[in-house]
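Taking it in order: structure first as structure tokens, then the write-up.
The values are calculated or read from the model by the stated rules, or taken from the named source; none is laboratory data. On a predicted model such as this, the values are computed, not experimentally measured, just so you know. Note: ideal-geometry Cβ built from the backbone for every residue, glycine included; neighbour counts use all protein chains shown.
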Amino acid sequence: MFDAVSFLTVLGRGGRPRPSTLRWFPVVGAGLGLLLGAVWWGASRVWPPAVAAAVVVAADLALTGLLHLDGLADSADGLLPHLSQQRRLEVMRTPDVGAFGMGASAATLLARWAALSVLAPAPLLLGGLWCASRSAMAAVPGRLRYARGEEGLAAAFTGVAVPVGLLGLALAASLALATGWRVVAGPASVAAAAAGFAAVVGLAVRRVGGFTGDVLGAAGLIAETVGLMVAAARW
């Protein structure tokens, strides 16, 4: 579990992940979401909703070391323009951020802030969505092709199939946490998050023939954002 904490957050020693790290993604996701929910609750006691929402967005970026936001920017720059498959992978590898990456990142952060600013603090909702996003990340490597061969941090996960039973437990935990927030809106938010994740990964499969670490990060961030937007709807 400590390897998963180190890989997904700024806590711990860092370093390259091991194949067994994937098993702990859902646990770390749930813990991170609950922690951010606590930050949200505390911030709401000090500031108005809009400021408290900004604190949560900033805290998430800080705790994850912008890992997933970087993946979103790189994925947008590589997957969205009209490029060849090889050129897409090259663009995603470079540290520069282009217009597509900037636009996708800004829109995503704005959507997260807007959704959080109209919701009352809900640690269980964040726990459920963050658990769902990391569970989906853990499910992909053993079932889809890794597009970079032996390159990249995610290469350690190539072909690693997390047991279906474990993924089922993770999904059940996600739904249980979200349902603890609201019986209908909670599960609907988790379902929407899953759809958002699948959409990003599906785009990557069509355009680069599989997934990369950037794609997993981007898909997770989009999943959480879509889930938050559904949670913020007029139920």
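Only residues that are within 30 Å of residue 176 (Cβ to Cβ) and not polar (S, T, N, Q): list them for the stretch 88-109, please. Please lay out each step first, then the result.
Taking the stretch 88-109 first, the residues within 30 Å of residue 176 (Cβ to Cβ) are 108-109.
Within the stretch 88-109, 109 is the sole residue that qualifies.
The rows are residues; the columns are (1) more than 30 Å from residue 52 (Cα to Cα); (2) touching a helix residue (DSSP H, G or I) at 6+ places or on another chain (Cβ under 6 Å); (3) modelled with pLDDT of 95 or more.
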position	(1), (2), (3)
83	yes, no, no
93	yes, no, no
96	yes, no, no
100	no, yes, yes
105	no, yes, yes
110	no, no, yes
114	no, no, yes
123	no, yes, yes
127	no, yes, yes
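Before we move on, is residue 75 in contact with a Leu (Cβ under 9 Å, 6 or more places away or on another chain), under 22 Å from residue 229 (Cα atoms) and touching a residue at least 60 places away in the same chain (Cβ under 8 Å)?
Here the answer is yes, as residue 75 does meet what is asked.
Going by what's in this entry, would residue 218 be described as out of contact with any strand residue (DSSP E or B) (no Cβ under 6 Å at 6 or more places or on another chain), in a helix (DSSP H, G or I) and within 16 Å of residue 68 (Cα to Cα)?
Spelling it out, residue 218 is indeed out of contact with any strand residue (DSSP E or B) (no Cβ under 6 Å at 6 or more places or on another chain), in a helix (DSSP H, G or I) and within 16 Å of residue 68 (Cα to Cα).
Could you go through the stretch 61-78 and let me know if any residue there is buried (at least 19 other Cβ atoms within 10 Å of the Cβ), hydrophobic (A, V, I, L, M, F, W, C) and at pLDDT below 95.
Yes; the residues of the stretch 61-78 include at least one that is buried (at least 19 other Cβ atoms within 10 Å of the Cβ), hydrophobic (A, V, I, L, M, F, W, C) and at pLDDT below 95.
Considering only residues that are touching a strand residue (DSSP E or B) at 6+ places or on another chain (Cβ under 8 Å) and either over 17 Å from residue 222 (Cβ atoms) or part of a strand (DSSP E or B) (or both), which ones fall in the stretch 201-211?
210, 211
Return the residue satisfying two criteria in turn: it lies in the stretch 203-235 and is basic (Lys, Arg) and surrounded by fewer than 17 Cβ atoms within 10 Å (Cβ to Cβ), and of such residues it is farthest from residue 142 (Cα to Cα).
The selected residue is 234.
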